[in-house]
Amino acid sequence: MKEWIGREIILPSSIQEISRVQDTCKYINAPYKIFVYIDSIGCTSCKLQLYKWNTLIKNASILMPDSINFIFCFQSKSEKELLNILKRDNFNNSVFIDKESKLDSIYHFSRDLNYQCFLLNKENEIVLVGNPALNPQIWDLYRKFIVKGEKKKENVQAVRTIAKIEPEIVEVNDLKLKKESIIEITIINMGNAPLLIYDITTSCGLYYS
C-alpha cells in the first residue's frame, strides 16, 4: 500500500453530508483526519463495527483533543437505510453518502476493509494506511504518529531567544526640526536559537534628567 502514501483525498462537493442527530457536523480545525471509506460490500453492521469507532472517537477526544477529525464516507444508494444503521449503532458522527460512487471512481479504493482507512495530514495527504477499528496495533500507530507530530509542532512554536541592544540608552543632542539624526546601535543575539527581526520602530518619548 506504499503507493497510497502522499496521495491527496478530496471529497467532491456533490457528496452529501448527513447525520441522524443534526444537520451537519462542525469539524474542528485539526491537523489530522482519519478518513474511512465504506463500499457497498462492507456496508453491513458486522463489518462496520461502528461501536468500535465510537470507542476510538471517544478515546481520541480524551488523549488527543483538537488534534483529529473522523470522516466517514459510505457508498450507499439509500440514505434512509444508512441512517437506520447509524441509529441502531448509536453512531452520532455525521457521515458522507456517496450514492453514485463518485469518490470510488476517482480513487479506486481497495475492496479490503483494512485498506479503506487512511490517516491524513492537514493538507489531506495520506500519511498512514490501515483500519484501527479492525486492528488495535494500527490505532496505536496512528496515535503515536499524531502525538509525535503535535510535540514536534510545540517544540517549533516554543523556540525563543534573547536579544540585547547596545547601547540601551541613546542621548541625541542638538535636535533640530526637519534635520535628520543618525544613531548606530548593535543588536546581539544572546540565545541559541536564530534571531529574526520583523520590524524596527522608534519611540517618541522624552526623558528629562
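Derivation of every value follows stated rules applied to the coordinates shown; laboratory data play no part. Computed from a prediction, not measured in an experiment: that's the story for all the values here. Glycine also receives a Cβ, built like all others from the backbone with ideal geometry; neighbour counts cover every protein chain displayed.
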- Item | FRET efficiency, 1/(1 + (r/R0)^6) with R0 22 Å, evaluated for THR161 and SER181 via beta carbons | 0.15
- Item | Two-site label geometry, ASN92 and TRP4: point separation in nm, points 7 Å out along Cα→Cβ | 2.9
- Just in the stretch 43-115: which trypsin sites (Lys or Arg not before Pro) are loop by DSSP and have at most 11 other Cβ atoms within 10 Å? ARG111
- Describe numerically, in nm with one decimal, the distance between label points set 7 Å from Cα along Cα→Cβ at ASN189 and at ASP66. 3.0
- Note on the structure: Ordered by number, the GluC sites (Glu not before Pro) in the stretch 63-135 that occupy a DSSP loop and have at most 14 other Cβ atoms within 10 Å are GLU100, GLU123
- Task: Would you calculate the separation in nanometres between label points at GLN137 and ASN173, each defined as 7 Å from the Cα along the Cα-to-beta-carbon direction?
- Result: 8.0
- Query: For GLN16 and VAL147, what is the calculated FRET efficiency with R₀ set at 22 Å and r taken between the beta-carbons, to the nearest 0.05?
  - Reply: 0.10
- Calc'd 3J(HN,Hα), the stretch 183-190, phi into Karplus 6.51 cos²θ - 1.76 cosθ + 1.60 (θ = phi - 60°), Hz, glycine/Pro = x, comes to 10, 9, 10, 10, 9, 10, 7, 8
